[in-house]
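Input: a single structure, listed below in structure tokens.
The values are calculated or read from the model by the stated rules, or taken from the named source; none is laboratory data. Predicted, not measured: the structure shown is a model, and the values here were computed from it. Every residue, glycine as well, gets a Cβ built from its backbone with ideal geometry; the counts of neighbours run over all protein chains shown. What goes into the accessible areas is simple: the full protein's heavy atoms, side chains included, and nothing from ligands, DNA or RNA. Shrake-Rupley method; radii C 1.70, N 1.55, O 1.52, S 1.80 Å.
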Amino acid sequence: MLAPLLALIPALAAPAPQAVEPPAITRRFIPLTAQRRADTAAYAKRHYGRATSEIARPLTIVEHYTVNDSVDATWRTFAPNVADPELHELPGTCAQFAIARNGRIVQFTPVTFLCRHTVGLNWAAIGIEHVGYSEREILSNPAQLRASLRLTRWLRCRYEIPVRDVIGHAESLSSPYHRERVPALRTQTHGDWQPWAMRRYRALVREAGC
Ligand SMILES: [Zn+2]
């Protein structure tokens, strides 16, 4: 008899899974040609052991910053399917989303397209780029931070990703989902979104809830 009684008191009833409203997102996809998809599948095979250009289920969200001045410049970096200047490998790098300084969210690929943004995690990670040069800059820009938290919240809640798996690129090596078959790349990471900044960011994500 407890359940029907509880159902009369909404605050005590088991919470129904709630669909979190997506933030406003502008779509500006990079060209996902057959060649790029094939290069992506070959990359996934080399690095993760499975030839696919899709993320089966997103398990983590990786925050980045662009070290440039605009979404436009970021799009132009990701659009060509050319070997990247750092690891000299195909496909071209990309992230699924980028957030402008004014808070505009732009989507570059479908959420589950396997983008190359974080060595070891691309098979399972959604990448979010933030236009800017440092964590501090983004954390102190209310419009950009608000958009970032909205986007991360929506994705996190949609794919049931725990707050601890919302990480900075600089935290990639300690992710439980880190996989890398190429020995020389097993310790490769970048300096964007240091742990001190991600602790602040995760506290805000936690506060936002689902
Ligand atoms: Zn990064």
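Couple of notes before you dig in:
- Among residues of region 75-101 that are without any contact (Cβ under 8 Å) to a residue 24 or more places away in the chain, those with a Cβ under 8 angstrom from a residue that is open to solvent by 20 Å² or more (accessible area, probe 1.4 Å) and hydrophobic (A, V, I, L, M, F, W, C), sequence gap 6+ or separate chain, pair up as Val82/Leu90; Ala83/Leu90.
- In region 64-73, of all residues being under 15 Å from the mean Cα position of the chain (by Cα) and hydroxyl-bearing (Ser, Thr, Tyr), the one that is farthest from Arg150 (Cα to Cα) corresponds to Thr66.
- Cβ-Cβ distances below 7 Å connect the following pairs, each with a first residue in region 176-199 that is within 16 Å of Tyr43 (Cβ to Cβ), a second residue that is among the charged types (D, E, K, R) and open to solvent by 70 Å² or more (accessible area, probe 1.4 Å), and a separation of six or more residues or different chains: Glu180/Arg186; Arg181/Arg46; Val182/Arg46.
- Consider region 83-98 and keep the residues that are over 20 Å from the mean Cα position of the chain (by Cα) and farther than 19 Å from Ala51 by Cα. The one that is modelled with the highest pLDDT is His88.
- Residue check for His190: within 16 Å of the ligand (Cβ to nearest atom), open to solvent by 50 Å² or more (accessible area, probe 1.4 Å) and in a loop (DSSP other than H, G, I, E, B): yes
- Residues that are more than 16 Å from the ligand (Cβ to nearest atom) and either closer than 12 Å to Leu121 by Cβ or in contact with a Ser or Thr (Cβ under 8 Å, 6 or more places away or on another chain) (or both) within region 157-174 comprise Ile161, Asp165, listed in sequence order.
- From Ile55, Ile61, residue being within 16 Å of the ligand (Cβ to nearest atom) and either modelled with pLDDT of 95 or more or over 16 Å from the mean Cα position of the chain (by Cα) (or both): Ile61
- Residue count, region 139-156 (criterion: basic (Lys, Arg) and either closer than 20 Å to Gly92 by Cβ or within 16 Å of the ligand (Cβ to nearest atom) (or both)): 0
- Applying the condition of being more than 12 Å from the ligand (Cβ to nearest atom) and closer than 11 Å to Glu63 by Cβ to region 99-138 and asking which residue is nearest to the chain's Cα centre (by Cα) yields Ile126.
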